[in-house]
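All remarks here apply to the structure that follows.
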Amino acid sequence: MTEIYDLAILGAGPAGISAAVYAARARLKTLWLEKKFTQGGQIVNTYEVDNYPGLPGMNGMELGEAMAAHAEKLGAVPMRETVVSVEDEGSLKVIRTKKNEYRARTVIFAFGAEHRQLGIPGEQELSGMGVSYCATCDGAFFKDGTVAVVGGGNTAVEDAVFLSRICRKVYVVHRRNQLRADKILQERLFACGNVEILWDTVPVSIEGTEETEALKVRGTKTETETLLPVDGVFIAVGVVPNTQKLKGLVKLDENGYVAAGEDGITSVPGFFAAGDIRAKNLRQVVTAVSDGANAVASVQRYLMEA
Ligand code: NAP
């Protein structure tokens with residue numbers, strides 16, 4: 001007979017790991033799936049997470065590993081499988097992966113989010129050949145070189161500070177005249193002697209054949225185009241939620257995030273959402289882990305009442 005789980009947790013970023021910890025302590029019969037080899041989601045690509053209480057200046061990869069080790073200590077280890085589809089059969093939910101088919105009474109979606117693309121010429125063609133979305137992964141390839149970082153949020157500013165320690169020169173290309181990043185990060189950026197910020201400037205195209213050679217930018221106020229000779233372009237223009245598989249299954253908001261409150265309850269009974277895929281104001285590690293805990297509390301209530 002097919003095994004029926006109380007709960008399926010899909011994803012092993014901070015929200016998924018937190019859910020796994022709470023589910024283990026609640027002794028729920030849990031299926032936990034993650035498509036990547038690493039746990040920790042987006043933070044594993046973060047050089048330094050400086051706002052998680054109790055762990056100032058923690059390296060992102062190490063924080064991910066510490067969280068995963070905590071879950072493992074409670075007996076929770078995700079299976080490395082890619083979810084292909086999820087179906088609602090009322091009191092049972094069917095989860096299909098590339099290899100298997102599972103049944104669970106509840107599901108917590110914790111698929112997280114992925115970097116947004118600019119959609120400019122050269123971006124895809126030169127991806128991996130100077131175009132990168134992860135400064136901590138690829139920064140070392142540009143030692144003593146010149147790079148551009150596109151964006152004005154926390155990621156872009158952190159990346160620029162990180163790259164300024166490795167590269168000779170770092171351009172920050174931002175479409176407005178004010179950064180979105182936290183003030184403390186802005187202060188660190190402004191203190192870097194080799195960073196030049198190009199305000200009110202948008203990227204137009206990335207030039208090069210076998211490798212990245214230049215970034216063409218345009219001033220939004222001047223309409224002037226400039227060719228910046230660079231060895232690398234780091235794109236940090238935000239994230240998009242991994243909710244493609246959830247379209248038509250649960251209600252999404254106008255930006256593609258799962259419509260669910262802090263309790264994680266979605267438009268469909270038995271489906272819950274946690275972490276960066278949920279519609280909310282603040283996407284941080286601290287809010288993701290909170291989501292995971294809340295979602296399991298909602299799952300427990302749902303299972304008791306079912
Ligand atoms: P974000 O906060 O959404 O910032 C995206 C930046 O890219 C914004 O400055 C935006 O400009 C710009 N942008 C968006 N689309 C663009 C386009 N098509 N062309 C040019 N520029 C574009 O994204 P994020 O920095 O990746 O951060 C994502 C989430 O993770 C945030 O909640 C952030 O706080 C969090 N995070 C936190 C930390 C930390 O606390 N240590 C570190 C990294 C990330 P506008 O400003 O004009 O909109």
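Looking only at residues in the stretch 35-66 that are within 16 Å of the ligand (Cβ to nearest atom) and of a type in the set (A, V, I, L, M), the one that is modelled with the lowest pLDDT is 49. For residue 81, are the conditions met, namely being touching a residue at least 12 places away in the same chain (Cβ under 8 Å) and not polar (S, T, N, Q)? Judged against the criteria, residue 81 is a match. If you check residue 182 against the conditions, is it farther than 22 Å from residue 165 by Cα and modelled with pLDDT of 95 or more? Considered against the rule, which asks whether it is farther than 22 Å from residue 165 by Cα and modelled with pLDDT of 95 or more, residue 182 comes out as no. Checking 206, 197, 235 one by one, the residue that is farther than 26 Å from residue 49 by Cα, buried (at least 16 other Cβ atoms within 10 Å of the Cβ) and at pLDDT 95 or above is 206 and no other. Residues in the stretch 253-276 that are surrounded by 16 or more Cβ atoms within 10 Å (Cβ to Cβ) and within 13 Å of the ligand (Cβ to nearest atom): 257, 275, 276.
Report whether or not residue 291 is modelled with pLDDT of 95 or more, farther than 21 Å from residue 105 by Cα, in contact with a strand residue (DSSP E or B) (Cβ under 9 Å, 6 or more places away or on another chain) and surrounded by 23 or more Cβ atoms within 10 Å (Cβ to Cβ). In short, no.
At pLDDT 95 or above, within 16 Å of the ligand (Cβ to nearest atom) and touching a helix residue (DSSP H, G or I) at 6+ places or on another chain (Cβ under 9 Å): is that true of residue 163 in this structure? The answer is yes for residue 163. Filtering the stretch 198-216 for residues that are away from the ligand (no atom under 11 Å from the Cβ) and under 22 Å from the mean Cα position of the chain (by Cα) leaves an empty set. Every condition in (1) of a type outside the set (Val, Ile, Thr); (2) touching a Ser or Thr at 6+ places or on another chain (Cβ under 7 Å); (3) at positive phi holds for residue 292 except the one numbered (3). Taken over the stretch 140-157, the residue count meeting the criterion of being over 19 Å from residue 118 (Cα atoms), in contact with a strand residue (DSSP E or B) (Cβ under 8 Å, 6 or more places away or on another chain) and not hydrophobic (A, V, I, L, M, F, W, C) is 2.
Kindly indicate the residue of the stretch 17-27 that is aliphatic (A, V, I, L, M) and surrounded by fewer than 22 Cβ atoms within 10 Å (Cβ to Cβ) and also farthest from residue 83 (Cα to Cα) among those meeting that condition. Applying the filter and picking the extreme gives 26.
Filtered by the rule that a residue be acidic (Asp, Glu) and more than 16 Å from the ligand (Cβ to nearest atom), the stretch 76-124 gives 81, 87, 88, 89, 101. Of all residues in the stretch 132-157, those satisfying the criterion of being farther than 13 Å from residue 45 by Cα, surrounded by fewer than 24 Cβ atoms within 10 Å (Cβ to Cβ) and in contact (Cβ under 8 Å) with a residue 40 or more places away in the chain are 141, 142, 145, 146, 153.
The values are calculated or read from the model by the stated rules, or taken from the named source; none is laboratory data. Computed from a predicted model, the values in this text were never measured in an experiment. Neighbour counts run over all protein chains shown; Cβ positions are idealised from the backbone, glycine included.
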